Structures are given as structure tokens and as C-alpha cells.
Amino acid sequence: MRTPLSIVLLFAIACLLGLATNALREEPLPIFRPLPDLRQNEISLEDGFALFAQKKAVFLDARAASAYHSGKIIGSLNLPPNEFEARLPEFIGRLQDQGHGGGEPPTLITYCDGPRCPKAHALAALLAQEGHPKIFVLKDGFAAWKKGGYPTN
């Protein structure tokens, strides 16, 4: 009789430890909030590179700062979704520093690691909530960009 109770108790403790560990992660997994809508506008690598080459878009890296600093699309800005509210004023300032302060808002292209990474879509949704009209998600993300031989640093 004690064995089933012990199993339930161990399971409950394991769940609590897992939730606590997730809460302490740099980028917690979205356990209790819905995943972002993955039907956001996606842009192909080729179309994204065309806008990159023409300097008609600002690329936003949705990955953690550590991943961003280990390799990124040249000229991209780092804005992880879990830091969005805290870093929004800094982001707006950096856009203005790049000459996107007035007039027509720039096209924004968000990206993260690859096709299964929801952060780029989450960042795009947050930007849309702020009222930005032109947002795309780079299909297949940084991994495909790098593999395709597009500019990185």
C-alpha cells in the first residue's frame, strides 16, 4: 500500500522540481502559455537575402544573447521575446540609430535557430501587438541562413 503512495509522492516532487528548474532557465519553455501562432508571414531565405542586400530590412535575432554572440546575421539586432518589454526602448533607440526613426517603418525580419524554434514567431507576434506593420519570419532561421552561405559574423 505504501508503494503507490510513494510513487505518487515522487512523481509530484519531480514535477515541482521540473517546473522550478524551467522557471529558472534563461529562456523557459512555454509550458503554461499557448505557443505563438505559427502562421505568421514567413519569408524565404532568398527573399530575405534580397531585402538584406538592398538594406531594406532590419533583422532581429530572437535567440538568447549567448547564441547571438556566437554567430548571427550581419547587422542583426538581438531581441529575445522573453526580454521584449524590458528591451523595447533600447530596440527603438537602436532602430533610430540605424536611420529608421521617422517616416515609413522598416521591414522587420525575425529569426531564431531553425524551423522548430518558436521564438521568431513569438517575437513577430509581440512586434505586431506594438503596431508594427511590416514583419516577416525568416523561414528555417539562422541555421539555414548560415548553411546557405549568406553573410554571418
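The values are calculated or read from the model by the stated rules, or taken from the named source; none is laboratory data. Model, not experiment: these values are computed from the prediction. Neighbour counts are summed over all protein chains in view; Cβ atoms, including those assigned to glycine, are modelled from backbone coordinates with ideal geometry. To get the accessible areas, we keep the full protein, side chains included, count just its heavy atoms, and leave off ligands, DNA and RNA. Shrake-Rupley method; radii C 1.70, N 1.55, O 1.52, S 1.80 Å.
Database remark: amide H of residue 107 closer than 5 angstrom to the amide H of 58 (H placed geometrically; neighbours at sequence offset of 5 or more, or on other chains; Pro and chain starts carry no H).
Using the Kyte-Doolittle scale, which helices in the chain average at least -1.0 and also have C-alpha atoms spread 20 Å or more along the helix axis, with helices defined as whole DSSP H runs? Qualifying helices, which must be both long enough and hydrophobic enough, are 2-24. In the full protein context, the chain carries 62 Å² of accessible surface per residue, based on a 1.4 Å probe and ignoring ligands, DNA and RNA. Simple spin-label estimate for residue 23 and residue 74 gives 4.5 nm between the two label positions (7 Å along the Cα-to-Cβ direction from each Cα). Each Cα pair under 8 Å and six or more residues apart adds its separation to the average, and for the chain the resulting relative contact order is 28 percent.
Along the axis of the charge dipole computed for the chain (Cβ charges of +1 for Lys and Arg, -1 for Asp and Glu, origin at the Cα centre), the listed residues 153, 57, 3 are led at the positive end by 3. Between residue 42 and 137, the built amide H atoms are under 5 Å apart, and every one of these is 5 or more places off in sequence or on another chain. For the chain, the mean residue ellipticity at 222 nm estimated from helices alone is -14000 deg cm²/dmol, where every DSSP H run of n ≥ 4 contributes -39500 (n - 2.57) and the total is divided by all residues, rounded to the nearest 500. Note on the chain: GNM, Cα springs under 10 Å; of 71, 48, 18, the largest mean-square fluctuation is that of 18. For the chain, the spread of Cα positions along the three principal axes, ordered from largest to smallest, is 71, 33, 28 Å. All other residues whose Cβ lies under 15 angstrom from that of residue 89 are scored, Lys and Arg at +1 and Asp and Glu at -1, for a net of -3. The length gained by stretching the chain between residue 31 and residue 94 to full extension, at 0.36 nm per residue less their Cα-Cα distance, is 19.5 nm. Between 17, 108, 60, the GNM of the chain built on Cα springs shorter than 10 angstrom shows 17 fluctuating the most.
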